[in-house]
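Following: one structure in structure tokens, then a few remarks.
The values are calculated or read from the model by the stated rules, or taken from the named source; none is laboratory data. This one's a predicted model, so the numbers in the text were calculated from it and none came from an experiment. Note that we place each Cβ from the backbone using ideal geometry, even for glycine, and neighbour counts take in every protein chain shown. Keep in mind that these areas ignore ligands, DNA and RNA; they rest on the heavy atoms of the full protein, side chains included. Shrake-Rupley method; radii C 1.70, N 1.55, O 1.52, S 1.80 Å.
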Amino acid sequence: MEEKGLLIVHTGDGKGKTTAALGLAMRAWGDGLRVLILQFIKGGWTYGELSTITALKEINGKIDVRQCGLGFTKKGDRDEAEHRAAAKKALELAEREIESGKWDLIILDEINYAVKFSLISEEELLSLVEKRPAALHLVCTGRDALPSLIDRADLVTEMHLVKHPYQKGIKAQKGIEF
Ligand code: ATP
Ligand code: MG
């Protein structure tokens, strides 16, 4: 069987992009793959998944999660220069890890938002994904994935919003939303 690293994109307006990436992380870890998750939006992640990853990491060290420290959801809360510096650091970290050969699966969680808010340019994103070693599986999550990223991807799933409890005013539920 040919081993080929896949470029995978989870996008769309429905819930499940990060959840599906975490499901993939669980399957890969169970198969003995080394998995790294990089969070591009600090605070987008919660204790549920962090506790799970910490527990799995203690078992064999083959999974890890890092916050890239962008710490934003939209522009305006901090000055532009600070955002740019954080984005540059995040890109460098992602690049280092992608080229390190230490991982079989890397998830760039919410990276599409960093691109959407123009903190990472289209060229920087494409150059990052092109740097991956042949056998590395790379997942990019977040709404509004760029057409050029979708073009290059091997596997693209669009989560489509049919219903979300939020629309009925139901508050976020522990274990489901966080
Ligand atoms: P999840 O992390 O639950 O898989 P996601 O990665 O698909 O969600 P994001 O765009 O990263 O979605 O949004 C993060 C947060 O917004 C999560 O708490 C998620 O439950 C919530 N969310 C996702 N989709 C919707 C939606 N269509 N309406 C309202 N809230 C949503
Ligand atoms: Mg998400």
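When restricted to residues that are more than 12 Å from ligand 2 (Cβ to nearest atom) and either β-branched (Val, Ile, Thr) or not in a helix (DSSP H, G or I) (or both), the stretch 96-116 contains 8. Looking across the stretch 150-164, the residues that are more than 16 Å from ligand 2 (Cβ to nearest atom) and not β-branched (Val, Ile, Thr) come down to Asp151, Arg152, Ala153, Asp154, Leu155, Lys163. In the stretch 162-178, the qualifying residues are those that are outside any loop (DSSP other than H, G, I, E, B) and open to solvent by 100 Å² or more (accessible area, probe 1.4 Å), and the one that is nearest to Leu50 (Cα to Cα) is Tyr166. When the stretch 29-55 is filtered for residues that are surrounded by 19 or more Cβ atoms within 10 Å (Cβ to Cβ) and either more than 16 Å from ligand 2 (Cβ to nearest atom) or in a loop (DSSP other than H, G, I, E, B) (or both), the ones remaining, listed by number, are Trp29, Val35, Leu36, Phe40, Ile41, Trp45. Only residues that are assigned to a loop (DSSP other than H, G, I, E, B) and within 16 Å of ligand 2 (Cβ to nearest atom) were counted in the stretch 121-149, giving 4.
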